[in-house]
Structure formats: structure tokens, C-alpha cells
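> Please find one structure pasted underneath; my questions will follow.
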Number of protein chains: 2
Amino acid sequence: MKNKRMFWNIVEKIETLIDSGAYPPGSRLPPERELAESFSVSRPTVREAIIALEVRQRVEVKTSSGVYVLEMQQDKQESKPVSAFELTQARALIEGEAAALAAMTITEAELAKLKLTLDAMQKGINADQADKEFHVIISNATRNNAVSLAVENLWRLRDSRDEIKAAYKNVCSQSDSDRLEEHRAIYTALANKDSQAARSAMHHHFNRLINSLFEVSEAKALEEVKRKSSETRGLYSLNHLVS
Amino acid sequence: MKNKRMFWNIVEKIETLIDSGAYPPGSRLPPERELAESFSVSRPTVREAIIALEVRQRVEVKTSSGVYVLEMQQDKQESKPVSAFELTQARALIEGEAAALAAMTITEAELAKLKLTLDAMQKGINADQADKEFHVIISNATRNNAVSLAVENLWRLRDSRDEIKAAYKNVCSQSDSDRLEEHRAIYTALANKDSQAARSAMHHHFNRLINSLFEVSEAKALEEVKRKSSETRGLYSLNHLVS
DNA sequence: GTGAATTTATTGGTATTACCAATAAATGGT
DNA sequence: ACCATTTATTGGTAATACCAATAAATTCAC
């Protein structure tokens, strides 16, 4: 069943035409009437599609002149490919510092909430959600919204990449106990208000994760791929951080 | 001159109605025909407005049922207020780690580009742009796009807040020489591939900045505000980082 | 009386047509 | 060759009609 309304199909078709290069940025689209005829729909439908494209900032409508293709403002978020290794390394660095900061500012209430996530993770129900909560609570405990935002953005990045989600799924599910133990260590450091220890524990957490990622990717890879992996292994290593 | 097309006005009116609480999330808007009458426009015009709102994810159209108001998905980017102090502290932490990482991976070409920004800054032309380039080059030198994105997002955050831009403007313009000197120190550390020194130099850079921000804000503030400031000064201090 | 099936009214979806206003191209006069 | 005028093109808005899906009201069977 195609429940979509007609004009969404037209949006898609026009967008495809633009992306194919048939109508480069700055050029003018055919008049509404022509588009309507060539797509075998009515003019209002074409108008609706054009309005949708206009709201999306893909085209600009100049009254009595025509519809012009706008420059693609590429989301840099989308343009830069990010691997699971990069993401994990970035998380280690940023969340490591966040933990160090949080150790000085965290409240008893937040420590209690952290404890709850540990319990939830131990019971194994919604372990992944408890994982996320754990990290978010810590980032908020920094009392620094810029840091919170940075951590949230990394999480968003993780969720927006299917290959990263897949990679994490492989790793997390097979080492729940490690993850729990590491979270406990971070929690203890925070409870002790020990910045250094909190940073270090966070680094260890992600170091294990990154090594697991390498193991999985190596196990899957052919010999040739293995060689490349070992080259990049040095690049994303956290060995200089884990004391 | 109101060159805007009619339907944009309708979009505005409907959005105002929604924001005013007249149509809370989940509720149904009046039928197109009624809206057309009450706004004294034709039905197609109302349809166009609704489509614009739909593309913006403000409403959901259910065929033959009605138009329903969606939950405002507030950009957390916008909802969380971020002060210049928070931003600067976050930059210190994240860019400090970025510099430490970059020290191990930076290329000669990138060092040369860094040098150019130093020269530009010395000449005083486009000093602010040179500043930005300096930091971006370093984040890209990490070979970690997740880190690059994090740094870029912080910059975007800075540019999106007028009060932060204003605060930075006050501080940067009055201490160009300090900034240049600190950049040189960071450059030297990177050229020497000295991670520790690079991190430390970056921390010093932002530490000076944060202290300048405090001075400016204190100079401007009344006595009472001063007291609050000195309370939060401890919160955003980098003293635990600068050795 | 109650529940299910049917009918009816409402509502958005699409198409057709018409006319307006602004723009851009073609034309003509100087 | 240049400028003013005319003409054709193009998007903007409106009015209308009919369709299809939904939801409400009604009817009917039990």
C-alpha cells in the first residue's frame, strides 16, 4: 500500500532529478505546468511538492520567474564518515574529561541515580538504556551544558550510523559483565570525588571497548584486511592514556 | 512590501495558534475548510500552509481524519543555555585532548598551514578567522572525524549565541598578543610531537581566556553580581589542569 | 438491551479551470 | 543602437467538483 500522498512522490522525483545533475544549483526548473504534465499529475500537486522542497531549502521560488535550485548545504554531520573506532576514541577523550570534571561537582542525588543504572544493568533488563543513562548522568553532573551537549552529540552520532550501531551491538552483548564492572569502577571513583581515578576508569572502559571492536573486526576480516587493521590500530589506540 | 506568499502568513498564524496553546500537542486542528474561512483564504492556500508545517514536523496529516499537532521536538541545542564560561571550559577539555592526539598524527603540511595562521594573526588581518583555522586544523590533524565534529559543534555553538560572541569579542580584541603567543606555544609543542606539552599549552590558552572572561564580567558587574561570579569561578576553573 | 453491521456525514486528496500579477522576452518607435 | 511599449510566460490565488478514507450515527439482528 502506498499511503503516501501524491505530492511526496513528486518531491522524490524532483529531488532525484536535482541530485542526478539534470538541474544543477542555480538552474531553473521547468514551469509548474510542464512538470505537472510530465509527471501526469495536476498543477496543485506539483505546487505542493515545490513548497515541500522550498521548506527543505532545496529550491527557491521566484514569483513570476521560476523555481531555482539552491546550493546543497551539506550537513557536515552527514558528510564526514565516522567509524566506530573514531567514535569510541572520541568518547574516551571527551567522556574521560567529563568524568574528571563530574568527580568534583557530582551530587549525592546523581550518585544515587548512577547506582540505579548499575542495578538495572546487573539485572540485565534494558542494559543498553541503563548504559546510556549512566553516561548521560555523568555528563550532566559536570554542570557544564557545553560538555553535556558534546556528549549527547556523540551519542546521536552513534545512533545515526547503522554500521556503528551494529559494531557496538556485537561487542556490548558479548561482554555485559565487563561493562558492568567498568561502570562500577567509574562510579566508585566519582563517589570518592577522585578526578584522576574517574578519568582513568573511563579511559579503561573505552579502551576495553576499542580493543573488543578490533577483535571483532579482525575475526571477521580476511588476512588482507587484517593487515590494514593492524596499521590503524596504532592510530586509534588509547595506550598513551591508560596508565 | 509583503512579497511573501499568502501561505507563509497562514503558516505563521497557525504556528502562533499552536504555540499559544490553543491547539496542544496531540489535538486536532480545525478542518481545512474552516481554517480557510476563518483566515479568509482559499482552501488550497491553507493546504499549502499545512504542508509546510508538515515538512517542518510541526503537524501530522491523517488522511480523512484531520491534522494533528505533533510534540515539539525541541532542539536540545537551543533549549540548554550555555554560557561563555561553560563553552570555554568545554573547549579546553576537548581541544586539549585533540591537541594531545594531534601531536602524534599531525603532518608537516598541517604544521605548515598552522604556521600560516600564526603569520596572518601577527599581521593582524583576519585575526579571528586565523584563530578559527588554527583550531580547526588541529582538530582535523587528529585523524578522528568524531573529534573534528565535536570541535566544530563547539564552534557552531559559539557562533549561535550572541551573548557568547559578544563576550569573546570583548576578550579577544584586547589581548591579541597573548593569543598569538599561546598559539605559538601550541604550535611548538605540536611540531615537537609532544602530546603532554600540546595538551598543557592548549589548557593554558583557554585558562587565560576564561580568566579574562571573568575579569570582564567582573568589571561590568555590580557588587552583588561579583559575589555570584566568585562562587561560580571555582566551578569553571581550570586550575586542576594547568600544572 | 446489546452488539455488530450498515449507512451517513465529515475530512482530507486530487484534479480542473479560471483569472490575476509580476516578470522577462519580444517588438516597435525614435 | 537604445529606450519604451507590448506580449507571452510564469507563478499566485481562488473556486469548484468529485473521490476515498475515516469516524460517527443509525439501523438491524439477536
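The values are calculated or read from the model by the stated rules, or taken from the named source; none is laboratory data. Here the structure is a predicted model, which means the values were calculated and not measured. Quick reminder, even Gly has a Cβ in these numbers, built from the backbone with ideal geometry, and neighbours come from all protein chains shown. To get the accessible areas, we keep the full protein, side chains included, count just its heavy atoms, and leave off ligands, DNA and RNA. Shrake-Rupley method; radii C 1.70, N 1.55, O 1.52, S 1.80 Å.
> Would you mention how many residues in segment B:57-73 are of a type in the set (A, V, I, L, M, F, W, C) and part of a strand (DSSP E or B)? Talk me through it step by step, then tell me what you get.
Start the filter on segment B:57-73 by keeping residues that are of a type in the set (A, V, I, L, M, F, W, C), which leaves B:59, B:61, B:67, B:69-70, B:72.
Those still in the list that are part of a strand (DSSP E or B) too: B:59, B:61, B:67, B:69.
Residues flagged as of a type in the set (A, V, I, L, M, F, W, C) and part of a strand (DSSP E or B) within segment B:57-73 amount to 4.
> Could I ask something else about it? Would you pick out the residues in segment B:1-30 that are of a type outside the set (D, E, K, R) and touching a Gly at 6+ places or on another chain (Cβ under 7 Å)?
B:LEU29
> Okay, moving on. Across segment A:109-122, what is the total count of residues that are in contact with a helix residue (DSSP H, G or I) (Cβ under 9 Å, 6 or more places away or on another chain) and without any contact (Cβ under 8 Å) to a residue 60 or more places away in the chain? Write out each step before concluding.
Taking segment A:109-122 first, the residues in contact with a helix residue (DSSP H, G or I) (Cβ under 9 Å, 6 or more places away or on another chain) are A:110-111, A:113-122.
Now restrict to residues that are without any contact (Cβ under 8 Å) to a residue 60 or more places away in the chain: A:110, A:113, A:116, A:119-120, A:122.
Residues meeting the conditions: 6.
> Still on this structure: Can you spot a residue in segment A:34-43 that is within 13 Å of chain B (Cβ to nearest Cβ) and within 16 Å of DNA strand C (Cβ to nearest atom)?
Yes, that holds for at least one residue.
> Would you be able to tell me the number of residues in segment A:144-195 that are farther than 15 Å from A:ILE94 by Cα and either within 14 Å of chain B (Cβ to nearest Cβ) or among the aromatic types (Phe, Trp, Tyr) (or both)?
Summing the residues that are farther than 15 Å from A:ILE94 by Cα and either within 14 Å of chain B (Cβ to nearest Cβ) or among the aromatic types (Phe, Trp, Tyr) (or both) in segment A:144-195 gives 10.
> Determine if segment A:70-78 includes at least one residue that is open to solvent by less than 40 Å² (accessible area, probe 1.4 Å), out of contact with any Asp or Glu (no Cβ under 7 Å at 6 or more places or on another chain) and not polar (S, T, N, Q).
No, segment A:70-78 has no match at all.
> Let me ask something additional. Across segment A:17-41, what is the number of residues that are without any contact (Cβ under 8 Å) to a residue 40 or more places away in the chain, within 9 Å of DNA strand D (Cβ to nearest atom) and open to solvent by 40 Å² or more (accessible area, probe 1.4 Å)?
Within segment A:17-41, residues that are without any contact (Cβ under 8 Å) to a residue 40 or more places away in the chain, within 9 Å of DNA strand D (Cβ to nearest atom) and open to solvent by 40 Å² or more (accessible area, probe 1.4 Å) number 3.
> Hey, another quick one. Could you run through segment B:51-61 and say how many residues are within 10 Å of chain A (Cβ to nearest Cβ) and either within 9 Å of DNA strand D (Cβ to nearest atom) or open to solvent by less than 70 Å² (accessible area, probe 1.4 Å) (or both)?
6
> Going by what's in this entry, would B:GLU86 be described as of a type in the set (Asp, Glu), within 11 Å of another protein chain (Cβ to nearest Cβ) and open to solvent by less than 20 Å² (accessible area, probe 1.4 Å)?
yes
> Right, another one. Of everything in segment B:1-28, what is more than 25 Å from A:GLU60 (Cβ to Cβ) and in contact with a helix residue (DSSP H, G or I) (Cβ under 7 Å, 6 or more places away or on another chain)? Give them in sequence order.
B:TYR23
> Taking interchain pairs and intrachain pairs at least six residues apart, which have beta carbon atoms under 6 angstrom, with the first residue in segment B:182-211 and closer than 22 Å to B:LEU116 by Cβ and the second of a type outside the set (Asp, Glu) and open to solvent by 40 Å² or more (accessible area, probe 1.4 Å)?
As it stands, the answer is B:ALA201/B:ALA185, since those pairs meet every condition given.
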